[in-house]
Amino acid sequence: MLEILPQIIWFSLLASAIYALVAIGLSLIFGILEFINFAQGDFAMVGAYLFFGFVIEGGLPWWIGIAMVVIVAALMGVVIERITFKPVRKSPPFIPLVISIGVGALLQAIMIFKFGGSVKSYRTEGSKAEVYKLFGDTLSVTQSQITLMFVTAGLLLGLYLFLKYSKTGTAIRAVADNQDVAAILGVSINKTIGIIFAVGTALAAVAGVMIANEQNLSITMGLSLGVKAFAAVVLGGVGSLPGAIVGAFIIGFSENFIVGLTPIPSSYKDAIVFGLLIIMLFLYPNGLFGAKAEEEARA
Amino acid sequence: MFEIFTNTNYLLGFFNNVAFLILLGLSLNIIMGYVGYLNLGHVGFWAIGSYTYTILLMQGHDFFVCLFAGAIAAAIAGLILGLPTLKLRSHYIGIASLGFTYIVHSLSLNLTDITRGPLGIPGIPRPTIFGISFQPNHMYFLLSWAVTIVSGIIIYRLLHSPWGKILETIREDQVAAKTLGKNIFLYKIQAFIISAFFAGIAAGIYSSFYQYIGGTNSFFIPQLLLLLTIVMLGGAGSFWGSVVGAVIVWIMYEGVRFLPIEAGLVGPVQQATYASVLVLIMIFRPRGIMGKNVKILQK
Amino acid sequence: MLKVQNLHKQFGGVKAVNHCSFEVEEGSITGLIGPNGAGKTTTFDLISGLMKPTEGHIHIKGEDVTTWPAHKRARAGIGRTFQAIRIFPEMKAIDNIIVAFPKHPDKLRDVFTPTRKKREQLKVKAMKLLKDVGIADKAHLNAGDLSYGQKKLLEIARAVATGADFIMLDEPAAGINLTLLNQIRDYILKLNKEGKTFFIVEHNMQFIMDISDKVVVMDQGKEIAIGKPEEIQNNPRVIEAYLGKKKE
Amino acid sequence: MLNKFTRTAGISILGASLMFLLSACADGPIDQPTDTPTDQEVAEESNTIKVGAIFPLTGDGAAYGDPLQKVAQIALEEVNAAGGVNGKEIEFIWEDGKCNGADAANAARKLIEVDQVKVIFGGFCSGETLAVAPLAEAAKVIVLSPGSSSPDITTAGDYIFRNYPSDAKQGKVIGEEANNKGYAKVAMLTEQNDYTIGIQNVFSEHFTGEIISETYLPDDSDFRTALVKLQAEEPDALFINPQTPTKADLIFKQIEEMDWDVDMIGNDVVAGYQDLTTKYADLVEGMLVAEFAFDRSNPDFIALEEEYKSRTGTDLPYGTYASTTYDAVSIVKDMLAVSETDTDAMKNFLYGISGRTGLSGSLTMDSNGDPNFEHRLETIVGGEVVPYESEGSMMEEGDAMESESMEEAEA
């Protein structure tokens, strides 16, 4: 059984990278605006379809396609935020949660209307995956998998630097910490939240493109992605970006290792991941990196 | 086209659906509206109740035995989900309970020798009680409304009793409730078990109404979103809110069937209509039709 | 009534309460003062069971309650109010009181027993309590719609309704106009005569010195002085704590 | 409390029922205000025959519901262009079954009770058809499903028909051939879905060797770990059993990436999708599949492919489903010619079908309302699906032949 270990590790890395990409965007929005955004997975789906429209159908070169996807997705994020989430920003968090459910369903309907329901993929005729054999044939890796890894690492690093050092990045973290205080200090809340949504949506869209390139794209691909990304964000602790990444890796590795090394068939994947999540939350009620606020409610 | 209102069979079916949706909405409202616990796992109780009821009924047991067995099975599931998650903070409860929905969905598809997995269970009979057959639609309509009304009265008594008042104090401010000597964990578990119990009752009448349960897309996210909409739209924390919510949501859900839509667009346009009405109502009437402004996701 | 021995509570490096010990005699009105961040509210939360201490013991009426959860301590006779008033805004003012009564039939098994008579009695008792604090006319308003002062009075009345004989008040005088302040003072004194013990955190020196039999002063989590109000007022260490350190 | 209740409840019920009413009467023609809508409607109704149609148009099921709805519309337009039935046009009233029992049943109730249809075209997913069956039986409405393959449908009711074969047949044919090929251990990757579980159950009844089974949920798209696990078992053959061609595409891609060379077996979803067999030609070389008599070179089929391509810009997916859907529309036409309202006459017509030629081959309906299609074994050579002569018949003559084919399969 051991000889398949390298392959399983590589697959776990792949799955974790995909969850991390979606989880990061979710953590930005979720951590700051404090509501579970059910439409986050669908933002990824829309990104995948936009790329399909621009590049596969539209014939644009892929790098223009990616740029277009990021711009359109960012705009979409801001527009959705202004129309649907801005009016309820002050209401209890379950209101935007329900609205995000509606937004997700709406995006799916629009995509079926535009692209039709049948499942598509980026692979055109005869594009055969180049397979590289490593570690003496025990590990086979493809070009698209490698690009996915690099793009993910690049985006995570870019986001980290953007948040840490850029002006808007600090503004975002300020708003994340305390909206009212940030407002008093002259941070334009509207602009910052708009940027948060733009960045969060664009990240999800790129994640969608990466995932579609690696697998295929369907109208309902967003849902299970979004839910696993939630689990990663919450596992890592709400509001902590490194936490979301660690959470994504925990899910990616546990899924593949448990299924890979035990007789449990992979159709139990969801049950395993969420069983693990509930147990972890029971042990770490704040998530691994979550704010350790000791509240009186705790006693 | 006006024969909708004269056509009894259609209206019987319509209001039969409304019956168990009211019961499902009310049971979810107990834990979500009154205790303030965002339970995204309610559809799991519905599934467990349905499978337990159906399997026992198909083995020839008496209707009431099966109905209560389904409800008790769901209540036990309520305990199982409640114990590890009740101490968690808001978002963590949301994602942990959503995880429960995924676990139940995964198990119901995989345990094929119990639930027949994706093949579902067809040919579920309608009961004969004291020699009276409830097979015809109008008879079954009476049965489901009888069960709904009796359960509704019990739930009303519970929620408007001193016990119910304590649930509301827990929702309003559980820390204060503690200092008044209330063992809030016990109340939460009781509320959770009762909420799951009545979901189990509704599951029973649902199963014999449709006479087929299971299959890949049953008891999953679309059904969960329907229940969430009923409670949120009706108004969390309001008994009559869930009743009105169930009627309104079902009118919307069935109403879209009658919109004059060109053949190729039926699917997407119906989904888009339902989603946008949901979003609009939650923006302009966030408390729902009759709800109080309830802090469901207490920090 | 209350004995606190070597109470210690640490968040990571921060010692919110630092090996603090003091007593509150039965039937007394004891004040607890100290600069902001001295650990007063944390001490309150430790005593009422909302937080678990890192070290130390708490005795109520001679019994060691350190391991008791908050609701068990409350039933043993501890009532309290909060700095940031924690009333139930979406419930009527009178309901805020009724739920606090020990005889409130709120067990699950009570639901199907006839409780109409008992609930009527509780309504009468609640109205009386509301009259005592002067907000009887607001009984059927949602608690959230009351004024700040009225909410404070409601919270105090609610603490009394629990039947507690040891009531802890967290800054009752904060943000209150003078007339209301006197009303609160008289109410405390009236209850004290009826045998209730009070433990009051307050910044309003004039109010606390006037009402307390004994005052405990805390600074940086430690009790630095305990004594009669007069002794406390000119105790050098207290003044130093408030007016800033002259580090030798 | 009461006035707040009535006021808000009133507004909302009014709002919702307004929408309900609006949609209800919007159906009648608006432009003739003088006649009362009902007479006008009755007059207009006489020259069209309404047929209910339930397909999964949103959600996961849309992957096949949406494209096959387009196929059905193409077939319908052709039927109506050719004069329809007794001079009347057939009108399909589409409802979204969402590949879920409850939604399909509610759709059927509306179609049967409100639109007063006598025939329901569809459920596509087995769950849809099984949930519609009790309603249709009670109302004596004909159900003709072009795609539900669950064995339960065979006994779902007297008015319940389908022109897509039950899984049972396919599983049997492949199972027996796997025995003939002398496979001792077969690894099976199966989707937890109605069509695929049916095949797995029947295959395991007929295959005598050991089966290593891995399953995945419909919304899963990462099978690498499962495949690696199966590879470690060193099976004699790998049986790919997905519900949709896109899942098959993904599985082949992930097998290709693992560079795993093993004898392959596939279900007819894998075989029926031209784009798939050419794209992974060398991977699926020699793959054993079984399809019912669906002839890809049939000129009508090619015409359908071109028409579909011209309308949607994409290739026609699911050859088998497309052919049964296309044929089912013409069956409905001929059935309505027999009678537009008497469902017992329609029922007898359907039971009487024998040797009816169509895109999906020669159809004879058995006493349970199932098609008689026999699955024929096929294999894939150079990316093309070709008939497969089972070596079983030759095997009795000489063991040499059999062992030789074993090596060749191994290589």
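The table for this structure:
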item: Filter result for the condition that a residue is within 14 Å of chain B (Cβ to nearest Cβ), surrounded by 15 or more Cβ atoms within 10 Å (Cβ to Cβ), assigned to a loop (DSSP other than H, G, I, E, B) and touching a strand residue (DSSP E or B) at 6+ places or on another chain (Cβ under 8 Å), over C:89, C:105; result: C:89
item: Residue among D:297, D:323 that alone is under 23 Å from residue D:267 (Cα atoms), part of a loop (DSSP other than H, G, I, E, B) and not aliphatic (A, V, I, L, M); result: D:297
item: Restricting the range D:201-224 to residues that are farther than 30 Å from residue A:139 by Cα and not small (Gly, Ala, Ser), the residue that is farthest from the other protein chains (Cβ to nearest Cβ); result: D:208
item: The range D:111-133: number of residues that are surrounded by fewer than 24 Cβ atoms within 10 Å (Cβ to Cβ) and in a helix (DSSP H, G or I); result: 2
item: Verdict on residue D:123 being within 22 Å of residue D:246 (Cα to Cα) and either touching a Leu at 6+ places or on another chain (Cβ under 8 Å) or at the interface with chain B (Cβ under 10 Å from one of its Cβ atoms) (or both); result: yes
item: Filter result (among the β-branched types (Val, Ile, Thr) and either at the interface with chain B (Cβ under 10 Å from one of its Cβ atoms) or on the phi > 0 side of the Ramachandran plot (or both)) within the range C:114-139; result: C:115
item: Selection count where residues are among the aliphatic types (A, V, I, L, M), surrounded by 21 or more Cβ atoms within 10 Å (Cβ to Cβ) and more than 22 Å from the chain's Cα centre (by Cα), scope the range B:243-268; result: 1
item: Subset of the range B:263-299 that is within 20 Å of residue A:103 (Cβ to Cβ), part of a loop (DSSP other than H, G, I, E, B) and of a type outside the set (Lys, Arg) - its residue that is modelled with the lowest pLDDT; result: B:297
item: Test: residue in the range B:79-89 that is at pLDDT 90 or above and away from chain A (no Cβ under 13 Å); result: yes
item: Any hit, the range B:41-54, residues being under 23 Å from residue A:286 (Cβ atoms), within 16 Å of the chain's Cα centre (by Cα) and surrounded by 24 or more Cβ atoms within 10 Å (Cβ to Cβ); result: yes
item: Checking residue B:133 against (1) facing another protein chain (nearest Cβ under 9 Å); (2) without any contact (Cβ under 8 Å) to a residue 40 or more places away in the chain, the condition it does not meet; result: (1)
item: Per-region count, the range D:45-76, residues closer than 22 Å to residue D:308 by Cα, more than 9 Å from chain B (Cβ to nearest Cβ) and not in a helix (DSSP H, G or I); result: 1
item: Any chance residue C:43 is in contact with a Cys (Cβ under 7 Å, 6 or more places away or on another chain), crowded, with 16+ Cβ neighbours inside 10 Å and within 14 Å of chain A (Cβ to nearest Cβ); result: yes
item: Residues (without any contact (Cβ under 8 Å) to a residue 24 or more places away in the chain and outside any loop (DSSP other than H, G, I, E, B)) located in the range B:211-226; result: B:222, B:225
item: Subset of the range C:226-246 (residues that are crowded, with 19+ Cβ neighbours inside 10 Å and in contact with a helix residue (DSSP H, G or I) (Cβ under 6 Å, 6 or more places away or on another chain)); result: C:232, C:238
item: Odd one out for residue D:157 among (1) assigned to a helix (DSSP H, G or I); (2) more than 7 Å from chain B (Cβ to nearest Cβ); result: (1)
item: Given (1) within 17 Å of residue D:149 (Cβ to Cβ); (2) facing another protein chain (nearest Cβ under 10 Å); (3) touching a residue at least 60 places away in the same chain (Cβ under 8 Å); (4) assigned to a strand (DSSP E or B), number of the condition residue D:196 does not satisfy; result: (4)
item: Selected residue (criterion: surrounded by the most Cβ atoms within 10 Å (Cβ to Cβ)) from residues of the range C:140-160 that are within 11 Å of another protein chain (Cβ to nearest Cβ) and more than 24 Å from residue C:25 (Cβ to Cβ); result: C:158
item: Count of the range B:229-242 residues which are surrounded by fewer than 24 Cβ atoms within 10 Å (Cβ to Cβ) and within 7 Å of another protein chain (Cβ to nearest Cβ); result: 1
item: Options B:158, B:143, B:107: the member that is closer than 16 Å to residue B:31 by Cα and either part of a helix (DSSP H, G or I) or not aliphatic (A, V, I, L, M) (or both); result: B:158
item: Some residue of the range B:17-33 being away from chain A (no Cβ under 14 Å), free of Cβ contacts under 8 Å to residues at least 24 places away in the same chain, on the phi < 0 side of the Ramachandran plot and of a type outside the set (Gly, Ala, Ser); result: no
item: Close pairs (9 angstrom Cβ cut-off, 6 or more residues apart or separate chains): without any contact (Cβ under 8 Å) to a residue 24 or more places away in the chain and more than 13 Å from residue B:200 (Cβ to Cβ) in the range B:47-65, among the small types (Gly, Ala, Ser) and not in a loop (DSSP other than H, G, I, E, B) anywhere; result: B:61/B:69
item: Residues within the range D:225-272 that are within 12 Å of chain A (Cβ to nearest Cβ), part of a helix (DSSP H, G or I), charged (D, E, K, R) and out of contact with any Leu (no Cβ under 8 Å at 6 or more places or on another chain), tallied; result: 4
item: Verdict on residue D:103 being buried (at least 21 other Cβ atoms within 10 Å of the Cβ), at the interface with chain B (Cβ under 7 Å from one of its Cβ atoms) and either among the aliphatic types (A, V, I, L, M) or closer than 20 Å to residue D:146 by Cα (or both); result: no
item: Residues satisfying the stated conditions in the range C:120-172, i.e. among the aliphatic types (A, V, I, L, M), over 23 Å from residue C:195 (Cβ atoms) and either touching a strand residue (DSSP E or B) at 6+ places or on another chain (Cβ under 9 Å) or in a strand (DSSP E or B) (or both); result: C:139, C:141, C:143
item: Qualifying positions in the range B:255-273 - more than 21 Å from residue A:118 (Cβ to Cβ) and within 7 Å of another protein chain (Cβ to nearest Cβ); result: B:255, B:257, B:258, B:259, B:260
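This table checks each residue for (1) within 26 Å of residue A:273 (Cα to Cα); (2) touching a residue at least 60 places away in the same chain (Cβ under 8 Å).
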site	(1), (2)
A:22	yes, yes
A:33	yes, yes
A:41	yes, yes
A:46	yes, yes
A:81	no, yes
A:87	no, no
A:90	no, no
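The values are calculated or read from the model by the stated rules, or taken from the named source; none is laboratory data. Since we're looking at a predicted model, the values are computed, not measured. Glycine also receives a Cβ, built like all others from the backbone with ideal geometry; neighbour counts cover every protein chain displayed.
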